[in-house]
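Participant: Below is one structure. I have some questions about it.
The values are calculated or read from the model by the stated rules, or taken from the named source; none is laboratory data. The shown structure was predicted, so the numbers you read here are calculated from the model rather than taken from an experiment. FYI the Cβ positions are ideal-geometry reconstructions off the backbone, even for glycines, and counts take in every protein chain you see.
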Amino acid sequence: MKFNKTLLAFLLAMNALTVLADECQTETQLQNEKVGITRLIENSQACNKDQDCTLVYLGCPFGCGVGINKTNETEIISAVDAYLAKSCTACKYRCSAKIITTHCIQNRCSTE
C-alpha cells in the first residue's frame, strides 16, 4: 500500500499538535502559578551582605537577571522550570546578554 507523503506529513503534524495541546496550558490557566512564583522571587531577595546574593537568569516572564538570596536559588529555578514546561505561550520580550552584578542594598538583593 502506497502512502501519500503529504498526507503522512499532515497526520504526523496533527499528532504532534495533539500531544502538545495535552501538555500545554494557557497563560490564563497558569496565572495563579505565575503569581506564586513572582511572590517567591520577591520574598527570596532578603539579605544582610553582598555575599548573600546571587544572580539568576530566569527569563521571560520572570525577569532577566534577578538578584536573590543564594539559599533560595534551587527552589526558584525548579519552580520556574516547572512553570515553563507547562507554558506554551510565546514570551513577550527577550533578555539581553548584559552581565549584571548583585549587591545587598537596604537588605534586599538588587541588580545593576
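Participant: Residues in segment 19-35: is at least one assigned to a loop (DSSP other than H, G, I, E, B), closer than 28 Å to ARG108 by Cα and at pLDDT 85 or above?
Facilitator: There is at least one residue in segment 19-35 that is assigned to a loop (DSSP other than H, G, I, E, B), closer than 28 Å to ARG108 by Cα and at pLDDT 85 or above.
Participant: Considering only segment 24-45, state which residues are hydrophobic (A, V, I, L, M, F, W, C) and under 15 Å from GLU75 (Cα atoms).
Facilitator: ILE37, LEU40, ILE41
Participant: Mind checking which residues of segment 67-88 are touching a strand residue (DSSP E or B) at 6+ places or on another chain (Cβ under 9 Å) and closer than 24 Å to GLN25 by Cβ?
Facilitator: Listed by number, the residues that qualify are ILE76, ILE77, VAL80, LYS86, SER87, CYS88.
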